[in-house]
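What follows is a single structure, written as structure tokens, with notes after it.
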Amino acid sequence: METQQITSFHACSAPIAYKSCDQIVFIQIVAVAVRKSRFIISLSLLSQDENGVVLSLGAEAQRVIVSARPFRLDIVEGRDVLMSLNSRGLLAFEHLRMRKDTFSYKVTSTVANEDEKEDGMWEETFKSHTDSKPNGPSAISLDFSLPGVEHVYGIPEHADTLRLKTTDNGDPYRLYNLDVFQYELYNPMALYGAVPVMLAHSAQRTTGIFWLNAAETWVDISSNTAGKTVFGKMLDYVQGSSETPQTDVRWISESGIIDVFLMLGPTAKDVFAQYASLTGTQSFPPLTAVGYHQCRWNYNDQEDVKAVDAGFDEHDIPYDFIWLDIEHTDGKRYFTWDPHKFASPKEMLQGIMDKKRKMVAIVDPHIKVDNNYKIHNEIRSRGYYIKNKDGGDYEGWCWPGSAGYPDFTREDMRAWWASMFAYDQYEGTMENLYTWNDMNEPSVFNGPEVTMHKDAMHGAWEHRDLHNIYGFYVQMATAEGLVQRSGGVERPFVLTRAFFAGSQRYGAVWTGDNAAEWDHLKISIPMCLSLGLVGISFCGADVGGFFKSPSAELLVRWYQTGAYQPFFRAHAHLDTPRREPWLFGPENTALIREAVRQRYTLLPYWYQQFYHAHRTGEPIMRPLWVEYPQDPATFALDDEFLIGRDLLVHPVTEEGSRGVTAYLPGKDEVWFDVHTFQKHNGAQNLYIPVTMSSIPVFQRGGSIIPRKLRVRRSSSCMEHDPYTLFVALNPQRTAEGELYEDDGHTFNYEKKEFLHRRLSFVNNALSSVNLAPDATFTTQSWIERIVLLGARKPSRVSMKTADGPENQLEFDYDSSTSVLTLRKPGMNAGADWTVNFE
């Protein structure tokens, strides 16, 4: 038998072999089923004959039916088919064989003599570039059918709607990490990152497909309901002629093996947990990283940095990080400082540290070829550069000019790279300097499609086989370096532009080089939602747009939107006019100040959401359908979103808008405007007049959200400040929430050094109880205010702590808004206490 690629699927835990066309293909089926704990489900054989086998998944009558001629795999629950593999017979893989004029093996699926003559078999050209294809063609593909499904999501990164479109009449969605200049919108073109994960959702179930392949990949989507209007579907139903909706998806990769994980849900949160069990959860960032970041390509010198820092204080706008782009280096030599413009980096860093602020400096993975450059000499002498097809060091053109590209797929290379972040190696650095990895697709200015040649070599592997995972490894090595420099104590912060499945473990991503246009503001919402669905919660878009110059109105609206996205950073191109928040007149400065301050008041809630994302894999910024899975009105919404479960945000993304229409979900729920405290019923489209002063944000009735209302110059300055609890009552007059706190920057939370409280309002009593009795953490923060939304006026309010007497509390009640306010109840945020409303 010829040597050939191994094909593996993962849906349960046993290997299967079947014989087809005189070739044996091995299929490994492994369960991805996570409920209350992570475990592998064993398969049991139900029946077998010459046509195939029927296996039990060990859960609620779930079965896998494998047919041998032709190969087909159906996952069935009761009488319902949840998913079919190869139902359209599009499974394809290339058999290994020897090229006649060489001794190398590779893939082709047709007769050798004919293939020797076929154009493109062993070499292809793209513009002026030649791909030698030394091993011939190696494509693989497989189709998946999803009965009952009309809505699929995921496979970022694309500047497109949240709900993926059918591709029958256009190009498939492409996954191939590229440095794209001014990318087009509403387009399936490849961008900076690639996560080959798709979620399928209907009112009955959510499932997922994880196509584990780092080569160039295309995803074709078709649907039997595509193009039909809602009226058309209703007419089909009335006439009895409607067919069951179905979406068909075909995955095609240039090389590699078919290695697929099937995540069977049944809920979206089950799928998130199943995927997290495979690739990990979002890293838990330091609290400061959740604050506001100020960036530009480039702040000119240390005096410029000092002036910008002072500008934030002068205009009373908080921020946590100021960023330096490539111009801070000595001639684009990373791990260095410009000796003239940044001659005393430690003095600069100490200056911002004194204000409890931090800095990020860029470190890109293209290394200037310069014999006087220590980093280059070390990498070359150790043999750590990627090789070209002829065995020499691969060189391309990037910001420094001629550049080498370290082979981050090598563990020893990653370990060396990590060691370069030590304070005695990266001179001029301090503990408040963090890192930005850009251009790590990798970007090669003189390469095909501005990236690396596919026949470059990573040891025995061609670059074509692992292109999409290169940036993942760059961020991995960098994050490890920041951890190591602190002796394993401090949490890192690393931003990356290129990413892959699992990149969430190492930091944050952003949506790349967007533009100062209204449509780019609008597209930032579905782009971030798509990333969250595949595990990457820490995401955001350049506030104001990277290219071009925003109008004052656009900039204000972008700050208001960015303040409610997980990663909140303003950034701008070198050639654009300066746009620090105070440069657009005092009125706009006040509006931007208020947007940033809203972010800072909500930091306790944001931090709590990051903790949950780290623990569970659930997205922080999430589509409404995740929380309202049976409401079809939410399935295609991507102009509003939830933060966690309890905050609903509808940004204003149209120029000159005087109002927006927001959908408030939940027929038995109520929502409170966080600005006016007005109550609205759920399950309705609500028109909301807007001015420039704010965007619509609502708190869900039945929730309790902690805030810190004393906004200071940075998050670290607010560490010991008191909390205000906003208690929004539901129609049943109950509410619940949480309060989480730790030291904000170390890994000590892994040692149970944190505070985690459950807050609940039931039977006219608000109480705080410990969710982690074995955890050890004390806080100086206290509860200075409690605000009840949708409250009735009580005759008496009293408070009792676990070790103190009952005290009567004073309160204010606003009958026009039904808001009850308790001022300075005074209990410690980490204590057990109960407030009774009589």
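For the reader, a short list of remarks on this structure follows.
- Restricting attention to the range 714-771, the residues that are more than 28 Å from the chain's Cα centre (by Cα), more than 17 Å from M799 (Cβ to Cβ) and assigned to a loop (DSSP other than H, G, I, E, B) add up to 8.
- Hey, V711 assigned to a strand (DSSP E or B) and either of a type outside the set (D, E, K, R) or at pLDDT below 95 (or both) or not: no
- Count of the range 668-687 residues which are aliphatic (A, V, I, L, M) and surrounded by fewer than 16 Cβ atoms within 10 Å (Cβ to Cβ): 1
- The single residue among D354, D390, D407, D438 that is in contact with a Ser or Thr (Cβ under 9 Å, 6 or more places away or on another chain) and of a type outside the set (S, T, N, Q) turns out to be D438.
- Residues being surrounded by fewer than 20 Cβ atoms within 10 Å (Cβ to Cβ), touching a residue at least 60 places away in the same chain (Cβ under 8 Å) and at negative phi - total across the range 345-378: 4
- For the condition assigned by TED's automatic domain parsing to the domain that holds I362, buried (at least 23 other Cβ atoms within 10 Å of the Cβ) and touching a Leu at 6+ places or on another chain (Cβ under 9 Å), P577 does not qualify.
- Lone qualifier among T207, T247, T267 - being in contact with a Ser or Thr (Cβ under 8 Å, 6 or more places away or on another chain), buried (at least 22 other Cβ atoms within 10 Å of the Cβ) and modelled with pLDDT of 95 or more: T247
- Inter-residue pairs, beta-carbon under 7 Å, first part of a loop (DSSP other than H, G, I, E, B) and in the range 125-137, second among the β-branched types (V, I, T), 6+ apart: G136/V107; G136/T108; P137/V107; P137/T108
- Filter pass, S202 being assigned by TED's automatic domain parsing to the domain that holds L262, in contact with a Gly (Cβ under 6 Å, 6 or more places away or on another chain) and at pLDDT 95 or above: yes
- Single residue of the range 133-175 satisfying the filter (in contact with a helix residue (DSSP H, G or I) (Cβ under 7 Å, 6 or more places away or on another chain) and among the hydroxyl-bearing types (S, T, Y)) that is surrounded by the fewest Cβ atoms within 10 Å (Cβ to Cβ): T161
- Filtered by the rule that a residue be touching an Asp or Glu at 6+ places or on another chain (Cβ under 8 Å) and under 19 Å from D832 (Cβ atoms), the range 781-821 gives S781, V797, S798, M799, K800, T801, A802.
- Top-ranked residue in the range 496-520 [being under 18 Å from W211 (Cβ atoms) and of a type outside the set (G, A, S); ranked as surrounded by the fewest Cβ atoms within 10 Å (Cβ to Cβ)]: F500
- Within the range 431-489, restricting attention to residues that are in a helix (DSSP H, G or I) and in contact with a Pro (Cβ under 7 Å, 6 or more places away or on another chain), the residue that is surrounded by the most Cβ atoms within 10 Å (Cβ to Cβ) is V474.
- Being touching a strand residue (DSSP E or B) at 6+ places or on another chain (Cβ under 7 Å) and of a type in the set (A, V, I, L, M, F, W, C) is true of V797.
- Contacts under 6 angstrom Cβ, first residue in the range 428-455 being among the polar types (S, T, N, Q), partner assigned to a loop (DSSP other than H, G, I, E, B), 6 or more apart: T429/Y423; T435/V363; N440/P365; N440/A498; S443/D179; T451/L178; T451/E441; T451/V444
- Among the residues of the range 270-282, those that are part of a loop (DSSP other than H, G, I, E, B) and either in contact with a strand residue (DSSP E or B) (Cβ under 6 Å, 6 or more places away or on another chain) or surrounded by 20 or more Cβ atoms within 10 Å (Cβ to Cβ) (or both) comprise T281, Q282.
- Which listed residue is surrounded by fewer than 17 Cβ atoms within 10 Å (Cβ to Cβ) and modelled with pLDDT of 95 or more, from S816, S768, S781: S816
- Considering (1) in contact with a helix residue (DSSP H, G or I) (Cβ under 9 Å, 6 or more places away or on another chain); (2) surrounded by 19 or more Cβ atoms within 10 Å (Cβ to Cβ); (3) within 23 Å of I643 (Cα to Cα), the lone condition that F726 does not fulfil carries the number (1).
- Some residue of the range 328-337 being basic (K, R), in a helix (DSSP H, G or I), modelled with pLDDT of 95 or more and more than 24 Å from the chain's Cα centre (by Cα): no
- Conditions (1) out of contact with any Lys or Arg (no Cβ under 6 Å at 6 or more places or on another chain); (2) surrounded by fewer than 22 Cβ atoms within 10 Å (Cβ to Cβ); number of the one not met by P526: (2)
- Listing of helices (runs of 4 or more DSSP H) fully contained in the range 527-640 that carry 2 or more residues being closer than 19 Å to V690 by Cβ and more than 19 Å from the chain's Cα centre (by Cα): 552-562, 586-601
- For T225, the conditions (1) modelled with pLDDT of 95 or more; (2) among the hydroxyl-bearing types (S, T, Y); (3) part of a loop (DSSP other than H, G, I, E, B); (4) not assigned by TED's automatic domain parsing to the domain that holds H340 all hold with the exception of (1).
The values are calculated or read from the model by the stated rules, or taken from the named source; none is laboratory data. Not measured: the values here are computed from a predicted model. Please note: Cβ atoms are built from the backbone with ideal geometry, for glycine as well, and neighbour counts cover all protein chains shown.
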